[in-house]
Amino acid sequence: MSAVQARDLMELAHGRHEGDRERLLLAVADLCDASPEAARPELQTLLDDVFMALVVEAERHIRRALAERLATATWAPPSLINVLALDDIDIARPIILSSPLLQDTDLIRLLVEATIEHQIEVARRPKLASKVVDAIVDGGEPAVMTALANNPTAQITDKAMARLVEAAKRVASLRSPLARHPKLNKILAEQLYAYVGEALKSAICERFQVDASAFDPEISAAVASASGANFVVARDGERQDMEERLIAKLESAGQLRPGYLVRALKEGKLSLFMSALSSLGGFSIVDLKRACNAPDPELLALACAAVSIDRSAFPDVLTMVRDLNDGKPAGDAAGGKRAAAAFNRTPEGAAKVFRERIGGVD
């Protein structure tokens, strides 16, 4: 690193102007891209700490720009890559599709922990390994299996292909990509022929150079009325489950901080805010929901004071919570004064008072 580069990075690190954090992250990424030393094990812990500290509270557009930059990087800390892979889908997409640091076990974990949007991107990943393919088929989600069927580079075994063809009985969206898939063989084509419409029947016959009469007409008649299943939409609570897993990862890395609460609210994620506040303060989600629906903001202020949110930041926190929660917690000027007084307490004192008073709120 030259003296000029070092000076520029120090200026960005101490900068307070909008965009300084983004320029710092991308400048460090550029520096690591240009240096083979960045992949050395002894530097990985340092890089992990630096990037995680900056990313946790970074704005959405900064995280998206960083994800795009790190999508093909071989030096990036794996824990950072995994956190970005669990972020909102537009941030996670380039990481899931391209990062060489995502192992098969990481991809399978995404299939279990992440939303269907994330799972679809896993299924689209080039040269997907057979063990990940099997996990997708085991999951049985129509949208994810369809994305897999449209991925000609995935390592789909004959057994997995047979299971996909069988699933095409109920999932109409699988039929067209499977009929054209390079791994489809003549035996499976005969089975698939029974499920598809006339256009695909013709395509199958032309591809395998057989006469339509070679396929069993009785099988075709038996399943001609089979209807396709619609794509499964994201289930209630699915995103909340993923957010809780993301928070657990940040907490285990020592990167869950009060500033993350503000970031969650700025992005309109009240459930993420409450999950993070629950983890930082040791409060139950039920109690935090009571605080957010209370007749005045004092309880929410106590919870925020307990995790060391700054007094000056609370008015913005309260406004954002109300915007996301139908105007609650309500409250008049007197309630506002009580909320302000919560920040006169120590974090321990605020937590104690919160726990004492929350039981009296319905």
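Hey, could you check segment 30-51 for residues that are part of a helix (DSSP H, G or I), open to solvent by 50 Å² or more (accessible area, probe 1.4 Å) and not aliphatic (A, V, I, L, M) and say which is modelled with the highest pLDDT? That would be ASP49. Scanning segment 145-179 for residues that are closer than 22 Å to ILE108 by Cβ and basic (Lys, Arg) turns up LYS159, ARG163.
If you check ALA53, ALA129, ALA76 for being touching a Leu at 6+ places or on another chain (Cβ under 6 Å) and of a type in the set (A, V, I, L, M, F, W, C), only one passes: ALA76. Evaluating ALA194 against the criteria (1) open to solvent by 20 Å² or more (accessible area, probe 1.4 Å); (2) at pLDDT below 90 leaves one unmet condition, (1). Taking the criterion of being open to solvent by 10 Å² or more (accessible area, probe 1.4 Å) and assigned to a helix (DSSP H, G or I), the residues of segment 63-92 that qualify are ARG64, ALA65, GLU68, ARG69, PRO78, SER79, ASN82, VAL83, ILE89, ASP90.
What helices (runs of 4 or more DSSP H) completely inside segment 242-316 contain at least 1 residues that are open to solvent by 20 Å² or more (accessible area, probe 1.4 Å) and either touching a strand residue (DSSP E or B) at 6+ places or on another chain (Cβ under 8 Å) or β-branched (Val, Ile, Thr) (or both)?
Numbers: elements: 258-266, 270-281, 285-292, 298-306.
Because the criterion is at least 1 residues that are open to solvent by 20 Å² or more (accessible area, probe 1.4 Å) and either touching a strand residue (DSSP E or B) at 6+ places or on another chain (Cβ under 8 Å) or β-branched (Val, Ile, Thr) (or both), the helices (runs of 4 or more DSSP H) in segment 242-316 that meet it are 258-266, 285-292.
If a residue must be assigned to a loop (DSSP other than H, G, I, E, B) and in contact (Cβ under 8 Å) with a residue 60 or more places away in the chain, how many such residues does segment 99-147 contain? Before you say what the answer is, go through the steps one by one.
Keep residues of segment 99-147 that are assigned to a loop (DSSP other than H, G, I, E, B), which gives 99-103, 114-115, 125-129, 140-141.
So of that shortlist, the ones also in contact (Cβ under 8 Å) with a residue 60 or more places away in the chain come out as 114-115, 141.
Residues flagged as assigned to a loop (DSSP other than H, G, I, E, B) and in contact (Cβ under 8 Å) with a residue 60 or more places away in the chain within segment 99-147 amount to 3.
Counting only residues that are part of a loop (DSSP other than H, G, I, E, B) and open to solvent by 30 Å² or more (accessible area, probe 1.4 Å), which one in segment 169-185 is farthest from GLN209 (Cα to Cα)? Break it down stepwise before answering.
From segment 169-185, those part of a loop (DSSP other than H, G, I, E, B) are 169-171, 181-185; that's our starting set.
Now restrict to residues that are open to solvent by 30 Å² or more (accessible area, probe 1.4 Å): 169-170, 182-183, 185.
Values: LYS169: 23, ARG170: 27, PRO182: 15, LYS183: 16, ASN185: 12 Å.
Going through the qualifying residues, I end up with ARG170.
Here the condition is being touching a helix residue (DSSP H, G or I) at 6+ places or on another chain (Cβ under 9 Å) and open to solvent by 10 Å² or more (accessible area, probe 1.4 Å); of GLY349, GLY327, GLY335, GLY360, it holds for GLY349 alone.
The values are calculated or read from the model by the stated rules, or taken from the named source; none is laboratory data. Just so it is clear, the model here is predicted, and its values are computed rather than measured. Positions of Cβ are generated from backbone atoms using ideal geometry, with glycine treated the same way; all protein chains shown enter the neighbour counts. Accessible surface areas use protein heavy atoms only, side chains included; no ligands, DNA or RNA. Shrake-Rupley method; radii C 1.70, N 1.55, O 1.52, S 1.80 Å.
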